[in-house]
Amino acid sequence: MRFLMSASGKLDDPVSQYLAHIAEVKPLEKGVRMADYDLLVLDKETCAASGRELAGEALKGGTAVLVLNAGDEEKKILHEVIGFRSEGPGAAYLVLPLRDSAGRAHFRIFEQRYPTRLQKLIRVMATGEGDGLTDESEPVEIDLAQEEDSEHLFELSQEQLKAFGDRVRDLLRSRQTLVDPAPGVPDGLKTMIWFYDQDQSFTAAGTKSKVGTPKPQYLSCFTTYEFQAFLNDWPVTGAFQYLYLRQSGIYQTNGMVKNNSHERGWYLTQLSPSFAAPSELFYYQSSPANTSGSKQVTTSTGFQVDFNSGGSGASYNFSSSTTETIYEWQIIQQTGNAWQYFQATPYSGTTTSFPSSAVESNDKGEIKPMPVISRYSLQFDVQAVWKTRRVLREALPVSTYNYLRADYIKTEYESGTKWHGTWWYSPSDWPATYYIDFALVS
């Protein structure tokens, strides 16, 4: 692979240094054909000065664009070209141009965010007898940012840098074999897709207790938000737009640091995604619905788009459906645009008090095994559709929120039937806002 770099000075950030390990990087000079390169890399200063022209030329010719340390101002510049932007700073912001079989433009955006500083830790200590509690402390919330030697939790880890580099390389290579991003969508129907990929990984960490301190663990969550807008312009007098949003991905432990009868962690216990749309967008449908007790969950969406095809009406039926196994887990649809995936056994992944049901009744304080999903990975998929009342020609904000949680439990046997233990849970919040330009499908 070949990359072009346009920077105002020497780059010493970890992302640009990592890029040099996966490709040949050359400076952007006068007379260089961008179309001969896989990627154009811009720093903040260059993007601010000439990003509109450079990014426009690169994307039009099929060359991807990566902006380092992209903030809102840099993203607004790219928004003028692609009609989409996320809000807030990111370590790296990649835009990959796509074309469907009808020649319509679509885009894939991959952003490497900095690790969230919203991360907290909740610790509960308890003593018990058999499988019952004799004493339990109040939950203590600890701000990990205030803990000694915690700064590394909020920097890009080597695991994240490697995952970022691998993702960039895979996306660029896949352009040669990309499937049609809008298969089956007929000519004449105005539609546009923005795939937004985000690494929501974090490091779960515990604090000291009577039974010791859990070892930190890197938990990965790779999420894709798929935004697709359609123009429904038949009949002409009742024209409006649809916006479809799908969030899918995989949340993984990457292997528990401890998993024995007196110490288990970190393991997955909850993932809760939600969406919020402005008043100009009206709820139409969403999925999945409640699946209490089900071993499988099906997420499906479908609607009909009527469009003007050369002066006469035509129709296109959009549909999307996936089925995932959630054995020993559960999913609840809390509202039209909010869901909660959580561990169902040996205790609920929503609990905020010491999970005594996780302790065996053998009088030794042994901990029950956790479900397979909790120990390894959870695949998730939620979808929603909104309609407009008229044809919009402005950019509107759509917000998403993803709540991730991992738990750790440790017990020690005392004597007779007595034991004591500590349970930690480490949540990570991922709020985000995106701007969608409806003028591109009007």
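Rule-based calculations on the coordinates, nothing more; no lab input. Every value quoted in this text rests on a predicted model; they were computed, and no experiment measured them. Note: ideal-geometry Cβ built from the backbone for every residue, glycine included; neighbour counts use all protein chains shown.
Find the relative contact order for region 234-391 and round it to a whole percent, using C-alpha pairs within less than 8 Å whose residues are 6+ positions apart.
Details: 312 pairs, mean separation 63.9, N = 158.
Contact order relative to length: 40 percent.
For a protection proxy built on the mean count of beta-carbon atoms within 10 angstrom, sort 156-166, 88-98 highest first, please. Don't skip to the answer; put the middle values down first.
Details: 156-166: 17.1, 88-98: 20.9.
Sorting 156-166, 88-98 by mean packing, highest first, produces 88-98, 156-166.
Based on Cα positions only, what radius of gyration and what Dmax would you give for region 263-319, in angstroms?
Using the Cα atoms of region 263-319, the pair Rg, Dmax is 19.1, 69 Å.
For region 200-246, just the Cα set please: Rg and Dmax, both in angstrom.
Final numbers for Rg and Dmax: 23.4, 71 Å.
Can you find, among Leu404, Ile373, Thr298, the residue farthest towards the positive end of the dipole of region 296-442? Put +1 on the C-beta of Lys and Arg, -1 on that of Asp and Glu.
So the residue we want is Thr298.
Under a straight-distance cross-link criterion of Cα-Cα below 28 Å, which lysines are reachable from Lys75, leaving out those fewer than 8 residues away in the same chain?
Lys10, Lys26, Lys30, Lys44, Lys60, Lys162, Lys190, Lys387
What is the distance in Å between the Cα centroid of region 59-90 and that of region 302-374?
32
Sorted by average packing, counted as other Cβ atoms within 10 angstrom per residue and highest first, what order do 243-252, 301-310 take?
Going by the mean number of other Cβ atoms within 10 Å, highest first, we get 243-252, 301-310.
Over region 323-405, what relative contact order in percent results from Cα pairs under 8 Å that are six or more residues apart? Walk me through the numbers on the way to the answer.
Numbers: 58 pairs, mean separation 18.3, N = 83.
In percent, rounded to a whole number, it is 22.
For a quick protection proxy, order the peptides 63-71, 314-322 by their average other-Cβ count within 10 Å, most packed first.
Answer by packing, highest mean first, reads 63-71, 314-322.
If you bin the C-alpha pair distances of region 167-313 every 5 Å from 0, what whole percents do you get?
Final binned percentages: 2, 6, 11, 14, 13, 13, 12, 9, 6, 5, 3, 2, 1, 1, 0, 0.
For the chain, how big is Rg over Rh, using alpha carbon atoms and the Kirkwood form of Rh?
Numbers: Rg = 24.4 Å, Rh = 23.8 Å.
Checking Rg against Rh, the ratio lands at 1.03.
According to the Kirkwood expression over distinct Cα-Cα pairs, how big is the hydrodynamic radius of region 14-112, in Å?
Details: mean 1/r = 0.0728 Å⁻¹.
About 13.7 Å for region 14-112.
Assuming a ≥ b ≥ c are the square roots of the Cα gyration tensor eigenvalues, decide whether region 380-442 counts as rounded (a/c under 1.5), prolate (otherwise, with a/b larger than b/c) or oblate.
Numbers: a/c = 7.57, a/b = 4.72, b/c = 1.60.
Prolate, because a/c is 1.5 or more and a/b exceeds b/c.
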